[in-house]
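Accompanying notes for the structure given below.
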Amino acid sequence: MHTIRLIYSSHAREGVGYRDFLAIMEKASETNSELKITGILCYGAGKFLQALEGERMVVNALYHHISVDERHAHCQLLSVEDIEVRDYAEWTMKVVDWSHAGSVDSRALLLDGSGMTHFDPDLMSAAQASRFLRGLAAAERELLE
Ligand code: FAD
């Protein structure tokens, strides 16, 4: 059995906002829990960046399922890697609204850390997306402490 982490980006369809995705995530968290999927989903400026972790076959099926969801489009696969340790083990799916993600300073730090000047997953390399999501998760954990 192989555990993988898959990262992709997409564009929200017009009229679809953060609230829709909180509703989707309510359902998704049940499914993800059954499928032993963990991850993080960041929404900002009409775009999504999501990491899905779990058994390879299960993650692939879920990604293909999500990619045909009509609430978003232009899914771009950024990376798929075998992993020993999950980065988001404590979350069935952590949803972060980037426009409300911490202070201006902490957002700037996160972006600097990933080498980006603003949140645009379309412009991120696989490494930048991965660093950005890990940094976001670390910031969220600090908030929860
Ligand atoms: P159902 O009516 O329950 O299923 C219909 C059919 O779809 C099933 O018979 C099966 O063939 C197939 N299917 C359902 N669930 C899965 C699955 N998990 N893997 C493979 N095939 C399946 N949903 C999640 O579950 N987890 C997420 O992390 C997630 N992230 C999302 C991120 C974004 C940006 C968006 C837009 C959507 C996300 N969704 C996620 C929602 C997902 O796209 C579906 O809306 C949700 O899974 C319910 O699908 P459904 O109504 O077709 O399910």
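Peptides 131-139, 86-94, ordered by how many other C-beta atoms sit within 10 Å of their residues on average, highest first, read 131-139, 86-94. Every Cα-Cα pair in the range 8-103 was counted, and those over 22 Å apart are 23% of them. For Leu77, the accessible surface of its heavy atoms amounts to roughly 90 Å² (probe 1.4 Å, protein chains only, rounded to the nearest 10).
Return the carbon/sulfur percentage of the accessible area of the chain, one whole number, probe 1.4 Å, all protein chains in place.
Details: 4180 of 8010 Å².
Summing carbon and sulfur atoms, their accessible area is 52 percent of the total for the chain.
Average accessible surface for the range 1-57: 50 Å² per residue, computed with a 1.4 Å probe over protein heavy atoms with every protein chain in place.
Given the -39500 (n - 2.57) contribution per DSSP H run of 4+ residues, what per-residue ellipticity at 222 nm results for the chain, rounded to the nearest 500 deg cm²/dmol?
On the way: 4 runs with 60 residues, N = 145.
Rounded to the nearest 500, it is -13500 deg cm²/dmol.
Under a model in which nothing but the beta-carbon of Lys, Arg (+1) and Asp, Glu (-1) is charged, the range 1-116 shows a dipole of about 200 debye around its Cα centre. Computed from backbone phi, the HN-Hα couplings of the range 36-49 come to 6, 9, 10, x, 9, 10, 10, 10, x, 6, x, 10, 10, 9 Hz, rounded to whole numbers (Karplus: 6.51 cos²θ - 1.76 cosθ + 1.60, θ = phi - 60°; Gly and Pro given as x).
Proximity of backbone amide H atoms, modeled 1.01 Å from N, is registered between Leu78 and Ile7, Tyr8, Ser9 at under 5 Å, excluding neighbours fewer than 5 places apart on the same chain. Among Met116, Met57, the sequence by solvent-accessible area, most first, with a 1.4 Å probe is Met57, Met116. With the simple spin-label model, which puts each label point 7 Å out from Cα in the Cβ direction, the His65 to Asp82 separation comes to 2.6 nm.
A simple rule links phi to the HN-Hα coupling: the Karplus curve 6.51 cos²θ - 1.76 cosθ + 1.60 with θ = phi - 60°, which for the range 113-127 gives x, 9, x, 10, 9, 8, 6, 8, x, 4, 9, 7, 6, 4, 5 Hz, with x for Gly and Pro.
Using only protein heavy atoms and a 1.4 Å probe, report how much of Glu30 is accessible, in Å² to the nearest 10. Per-residue accessible area (Glu30): approximately 120 Å². Measuring only protein heavy atoms, the 1.4 Å probe finds Leu78 accessible over about 40 Å². Averaging the sequence gap over all C-alpha pairs within less than 8 Å and six or more residues apart, then dividing by the number of residues, gives the chain a relative contact order of 34 percent.
Coupling constants for the range 55-64 follow from the phi torsions by the Karplus curve (6.51 cos²θ - 1.76 cosθ + 1.60, θ = phi - 60°), and in residue order they are 5, 3, 4, 5, 5, 4, 4, 5, 4, 5 Hz; glycine and proline get x.
The values are calculated or read from the model by the stated rules, or taken from the named source; none is laboratory data. Only a predicted model underlies this, so the values are computations on that prediction, with no experimental measurement involved. We place every Cβ from the backbone using ideal geometry, glycine too, and count neighbours over all the protein chains shown. Note: areas computed on protein heavy atoms with side chains; ligands, DNA, RNA excluded. Shrake-Rupley method; radii C 1.70, N 1.55, O 1.52, S 1.80 Å.
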